[in-house]
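Please read the structure below before turning to the comments.
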Amino acid sequence: MKAIRNTLSIILIILLPAVIIYFVIKKLQESKVYYSHEPFRILNEDGVEEEERIIEKSENKLRSDLNRRQKKVLEIIKSSQEADMEDIAHAVKNVHVRTLRRDLNKLADSGFIKKIGSTKAAKYILNV
């Protein structure tokens, strides 16, 4: 009796995870949206990437994380195509240069802008 119980326990330990994995995979295959192994990439049912949705969702999320000053800096760069620290400091009054530099670094790290050049002679452009 004990041998049968041990055998059943071993069978359950081996089969149960396999059955669960089978049903999870089956459920994923039935769903309308497929996910690739890369983050933020959504595939439609034909396996084609829906780039516009990805960009729109990630940009909206990132934009909501920006404060008013950072959004203003982004608008300045967008309107002039290219801006340096002097242009930005002139447009954004009563903000210390270090604060603006931190904002520019955050925008660059988030992928909104690119920094071209060294610290003092740096120009900032939109990251397209």
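The values are calculated or read from the model by the stated rules, or taken from the named source; none is laboratory data. It should be emphasised that the depicted structure is a prediction, and the values quoted were computed from it without experimental measurement. Every residue, glycine as well, gets a Cβ built from its backbone with ideal geometry; the counts of neighbours run over all protein chains shown.
Of everything listed in (1) at pLDDT 75 or above; (2) in a helix (DSSP H, G or I), the single unmet condition for Gln29 is (1).
Can you confirm whether the stretch 63-75 contains a residue that is surrounded by 11 or more Cβ atoms within 10 Å (Cβ to Cβ) and over 23 Å from the mean Cα position of the chain (by Cα)? No, the stretch 63-75 contains no residue that is surrounded by 11 or more Cβ atoms within 10 Å (Cβ to Cβ) and over 23 Å from the mean Cα position of the chain (by Cα). Applying the condition of being touching a Leu at 6+ places or on another chain (Cβ under 9 Å) and part of a helix (DSSP H, G or I) to the stretch 96-128 and asking which residue is surrounded by the most Cβ atoms within 10 Å (Cβ to Cβ) yields Leu107.
For the stretch 57-95, a residue qualifies if it is within 16 Å of Ser110 (Cα to Cα), at pLDDT 85 or above and assigned to a helix (DSSP H, G or I), and the qualifying residues are Arg68, Arg69, Gln70, Lys71, Lys72, Val73, Leu74, Glu75, Ile77, Lys78. Just one of (1) modelled with pLDDT of 75 or more; (2) outside any helix (DSSP H, G or I) fails for Pro39. It is (1).
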